[in-house]
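Participant: Let me give you the structure first, and then I'll get to my questions.
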Amino acid sequence: MTPSEYGFLKQFLKSRSGLVLSDEKQYLVESRLVPVTRRTGHKNLSALIADLGPRGSEDLKNTVVEAMTTNESFFFRDKTPFDHFRNTMLPNLLEGRRSQKRIRIWCAAASTGQEPYSLGMCLQEDRHKTAGFRFEILGTDISTEVLEKARTGVYSQFEVQRGLPIQMLLKYFTQQGELWQVSPELRAMVQWRKLNLLENFSHLGTYDIIYCRNVLIYFDQDTKRDVLQRLAKQIPEDGYLVLGAAETVVGLSDAFEPVPQHRGLYRPRKQGAAASPRLGSAFPTLKAMNS
Amino acid sequence: MKHCLVVDDSSVIRKVARRILEDMDFSISEAEDGQQALDACRESMPDAILLDWNMPVMDGLEFLHKLREEEGGEKPLVVFCTTENDVSHIAKAVRAGANEYIMKPFDRDIIEAKFQEVGLI
């Protein structure tokens, strides 16, 4: 792979999926795409990259984008986002949606499905509190391949042992040899849809809770800003946004404010409230002093 | 420093588990079967027990039943670690008072995840 081929590939991935690769990530490209060349019959990486031009097939382009996305996920990943769900978001929304009796949740980078299923398990555990309510959980991802796995809900013995309490494994999974499948009731709680966050998603409608974890970290600042701005339009005033442990809205969007004492949890900033002085001002220091 | 008793008839498994758990800041003692483990617990109750199922003299399940009847025997957090990986074994272990269950083969990530799950780390 020559520097100009690498440059082309970087541009290709940025425009298709938002993924930003630094110059020292050639090793990552090789480890992810050499196996693709074997499947597609290209004789090397250069030949594969040459086929990603304007006349290249959409299938091949999707395959390359999917191979470059990171899909690591596990049940109840980081734990706190699920404690926030059961202890804060759910009680507040049950109160706030007393008349509609409907709560919508969107996992915007659902990968192989562990996050939406974990939320589904939380809802099952709390079902004595949610009588009469209807829940919609949507899982979206850019990759067709991981969505297929998410939909079938079949996981390896290794995958069900990271983050999933044994009681929950017994309750919500059935064993199939070495594999474990999510129960039909839990699978029926989640809808799946292919979605690229760089593209317009306003047609999905509003969601009371959006989990968008560990995907913004792969984007550059402008793309992060754009995605956050568009996510803000999908969340009602009393809704929530959940980001990954290494992510924040600070310095990127004044549409959200952090929920105090809840790491990773944000809510839409109320209209008219003062925005962070760091944003939208040519004289941040002066403005901060005056406010 | 928390103390973990590693119970397994395979010295290789005990060694691997010891290495992982020592990295996680546990002090370790070992037992080769359920009877040895019960003797060790009667001397001093550990904070955690990593427990194999199939062992000579006394197996893991029988040990667990006896442990939970001992004075102070409700205290240790017991994590099964076994090749018995079917639902009926898991359910039996949980009913007998196991706090978590690891299906072999295991690795560092799994031990960490399970110990975190029961609040040991």
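FYI, it's all coordinate maths here, none of it is from the lab. Predicted model, so just to flag it, every value in this text is computed and none were measured. Cβ coordinates were reconstructed from backbone atoms using ideal geometry, including for glycine residues, and neighbour counts include every protein chain displayed.
Participant: Work out the FRET efficiency for A:E185 and A:F158 from their Cβ-Cβ distance, taking R0 = 22 Å, and round it to the nearest 0.05.
Facilitator: 0.35
Participant: Viscosity 1.567 mPa s, temperature 4 °C: what is the translational diffusion coefficient of the range A:43-180 from Stokes-Einstein with a Kirkwood Rh over Cα pairs, rounded to a whole number of µm²/s? Mind showing how you got there, number by number?
Facilitator: Values: Rh = 17.3 Å.
Stokes-Einstein gives a translational diffusion coefficient of 75 µm²/s.
Participant: Then there's this: Order the peptides A:39-47, A:165-173 from the highest to the lowest mean number of other Cβ atoms within 10 Å of their residues. Before the final figure, lay out the partial values.
Facilitator: Numbers: A:39-47: 12.7, A:165-173: 18.8.
Highest-to-lowest ranking by the protection proxy: A:165-173, A:39-47.
Participant: I would also like to ask the following. Name the residue, out of A:V215, A:V190, A:V20, whose mean-square fluctuation peaks in a Gaussian network model built on chain A with Cα pairs under 10 Å.
Facilitator: In this elastic network of chain A, the residue with the biggest mean-square fluctuation among A:V215, A:V190, A:V20 is A:V20.
Participant: So what's the gap between the Cα centers of the range B:99-121 and the range A:237-255, to the nearest angstrom?
Facilitator: So the two Cα centres are separated by 32 Å.
Participant: Which whole-Hz ³J(HN,Hα) couplings does the range B:7-21 yield from phi under the Karplus relation 6.51 cos²θ - 1.76 cosθ + 1.60, θ = phi - 60°, glycine and proline marked x?
Facilitator: Result, ordered by residue: 10, 7, 7, 9, 5, 5, 4, 4, 5, 4, 5, 4, 4, 4, 6 Hz.
Participant: At 7 Å along the Cα-to-beta-carbon direction for both A:D51 and A:E72, put a label point, then send me their distance in nm to one decimal.
Facilitator: 3.0
Participant: What FRET efficiency do you get for A:R32 and A:R193 if R0 is 25 Å and r is their Cβ-Cβ distance, rounded to the nearest 0.05? Before the final figure, lay out each step's value.
Facilitator: Values: r = 24 Å, r/R0 = 0.97.
Given R0 = 25 Å and the Cβ-Cβ separation, E is 0.55.
Participant: Averaging sequence separations of C-alpha pairs under 8 Å and six or more residues apart, then dividing by the length of chain A, give the relative contact order as a whole percent.
Facilitator: Once divided by the residue count of chain A, the mean separation gives 16 percent.
Participant: Order by neighbour count: A:M121, A:M189, fewest other Cβ atoms within 10 Å first, most last. Please list the in-between numbers first.
Facilitator: Working: A:M121 22, A:M189 19.
Going from least to most buried by this count: A:M189, A:M121.
Participant: Which parts of the range A:225-256 would a label at A:E95 reach, counting a residue when its backbone N lies under 19 Å from a point 7 Å out along Cα-to-Cβ?
Facilitator: Counting only backbone N, you get A:236-241.
Participant: Follow-up. Could you list B:H3, A:H128 in order of exposure, starting from the residue whose Cβ has the fewest other Cβ atoms within 10 Å?
Facilitator: A:H128, B:H3
Participant: Tell me, rounded to the nearest percent, the portion of alpha carbon pairs in the range A:3-68 spaced more than 15 Å apart.
Facilitator: Here the tail beyond 15 Å accounts for 46 percent of pairs.
Participant: Right, next: Need one number: the % of Cα-Cα pairs in chain A sitting beyond the 23 Å mark.
Facilitator: It works out to 60 percent of all Cα pairs.
Participant: Which of the DSSP-defined H helices in chain A satisfy a minimum axial length of 18 Å, computed from C-alpha atoms, and a minimum mean Kyte-Doolittle hydropathy of -1.0? Present the calculation step by step, with values, prior to reporting the outcome.
Facilitator: Numbers: long enough: A:3-17 (21 Å, -0.79); A:26-40 (20 Å, -0.36).
Span-like helices here: A:3-17, A:26-40.
Participant: Could you give the C-alpha radius of gyration of the range B:30-121 expressed as a fraction of 2.2 N^0.38 Å, taking N as the number of residues it contains?
Facilitator: 1.00
Participant: Say a paramagnetic label sat at a point 7 Å from the Cα of A:S202, along Cα to Cβ; which residues of the range A:240-262 have their backbone N under 20 Å from it?
Facilitator: A:253-256
Participant: Still on this structure, I have one more. Using alpha-carbon positions, what is the distance between the centroids of the range A:144-163 and the range A:35-62, in Å?
Facilitator: Answer, in whole Å: 27.
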